[in-house]
Amino acid sequence: MGRKDSVEKTLESHNDVFSDIVNGLLFTGNQVVTEDSLSDAQTFSIYKMDGDVRSQDRDVAKFWNKDCIQIGFCGIENQSVQDYDMPLRGIGYDGAAYRMQLAKGSQTERHPVVTLVLYFGTEHRWTAPQTLKGCLSASNKLAPFVNDYKLNIFELAWLPDEQIALFRSDFREVLEYLRARRLHIRYEGSERQLRHIEEILDMFRILSGDDSFKNIEAAILDKARQSTGGVKMCDVIQAIKQEGISLGEQRGENTILSLFSKLYAAGRDSDVRRATGDREYLKKLMEEYQK
């Protein structure tokens, strides 16, 4: 399992985030699925292929309960890149969930299975097949008898603003960041208080490829412990900017110190003295030693 997959799963496994995703994507923001109505479901299933026993693993899965009765099974699959076999995988996951119900024996415990595919791509829209028939090469005579299966796929970076505004959990920050990245505009973070700080820092580090989110983690968590107002995403982005400035200054200082060491070693003490008071001469020396 890749690090990116693990980070996405960790955030989405929180009931408030999972229910928010389901409500925001399926029920126009209405609180149909509540945080306390969810319980963890088994994510892996076993099947036999070519005589060998194999397993398949969902990203996140929850039972949806109401009045202590299980009424549904919801799963989330994360995709950073397009998968042309996703309908085949999806029907396999859903089939395994139905098979588990069949294994229980009781005909009174049948409930629907719903899988949401979250596409995190920001450069290209999803153009891979979204239906089972789209993956198959079936003759015209056989095609009418082939049952289809349709993915519930959501292109997160292309969600309209009004739909993003429906989200209430920390996942909204992820959606706003993906949208900003797609549009190549600056993401500043909102004034909303974060509930899952470590998970969000991890998620943004993976999505952005910027290790600064890891570098500021201790300071952000310390602020969360000391502040009654908690931590907001705009605080995190401001800390990232400051981290960038600090690192830039540190790199600049290290470069100058390295230059002076080389000059001293070459017996060019006078150049060092001149460079400390002449910025243009310092720049000239740096360019000379970078060649």
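The values are calculated or read from the model by the stated rules, or taken from the named source; none is laboratory data. From a predicted model like this one, the values you see are computed outputs, not experimental measurements. With ideal geometry, Cβ positions are generated from the backbone for all residues, glycine too; neighbour counts draw on all protein chains shown. These accessible areas exclude ligands, DNA and RNA; they are computed on the full protein's heavy atoms, side chains included. Shrake-Rupley method; radii C 1.70, N 1.55, O 1.52, S 1.80 Å.
Pairs exceeding a 22 Å alpha-carbon distance, out of LYS62/LYS150; LYS66/LYS104; LYS9/LYS133; LYS66/LYS150; LYS4/LYS223: LYS9/LYS133; LYS66/LYS150; LYS4/LYS223. For the pair ALA219 and ASN147, a Förster radius of 41 Å applied to the C-beta separation gives a FRET efficiency near 0.15, rounded to the nearest 0.05.
Between SER190 and SER39, the contour length at 0.36 nm per residue exceeds the Cα-Cα span by 51.4 nm.
The shape of region 165-213 comes out oblate: with a ≥ b ≥ c from the C-alpha gyration tensor, a/c is at least 1.5 while a/b does not beat b/c.
Taking the Cα centre as origin and putting +1 on Lys and Arg beta-carbons and -1 on Asp and Glu beta-carbons, what dipole magnitude results for the chain, to the nearest 20 debye?
So the dipole magnitude of the chain works out to roughly 520 debye.
Proximity of backbone amide H atoms, modeled 1.01 Å from N, is registered between SER80 and PHE120 at under 5 Å, excluding neighbours fewer than 5 places apart on the same chain.
In this structure, the amide hydrogen of VAL60, modeled 1.01 Å from its nitrogen in the peptide plane, lies closer than 5 angstrom to those of ILE76, counting only residues at least 5 positions away or on a different chain. In region 75-205, a dipole from Cβ-located charges (positive for Lys and Arg, negative for Asp and Glu) runs towards its positive end, and of LEU142, TYR98, VAL114 it is LEU142 whose Cα lies farthest in that direction.
For region 104-170, the equivalent ellipsoid derived from the alpha-carbon gyration tensor has semi-axes of 30, 24, 9 Å in decreasing order.
Taking only the Cα atoms of the chain, how large is their convex hull per residue, in Å³?
Details: hull volume 69.0 nm³, N = 291.
In the chain, the Cα convex hull volume per residue is 237 Å³.
With the crude spin-label approximation of a point 7 Å out along Cα→Cβ, what separation in nm comes out for THR10 versus THR28? Taking the two extended label points, one gets 3.7 nm.
Residues VAL7, VAL81, sorted by accessible area with the largest first, give VAL81, VAL7 [1.4 Å probe; ligands and nucleic acids excluded]. Stretching the chain fully between ASN140 and ASP67 yields a gain of 21.5 nm (0.36 nm per residue, less the alpha carbon separation). With respect to the chain, whose longest principal axis is taken over its alpha-carbon atoms, helix 197-208 is tilted by about 80°.
Think of it as helices only: each DSSP H run of n ≥ 4 in the chain is worth -39500 (n - 2.57), and spread over all residues that comes to -15000 deg cm²/dmol at 222 nm. Across the protein chains, with a 1.4 Å probe defining accessible surface, the residues GLU199, GLU35 rank GLU35, GLU199 from largest area downward.
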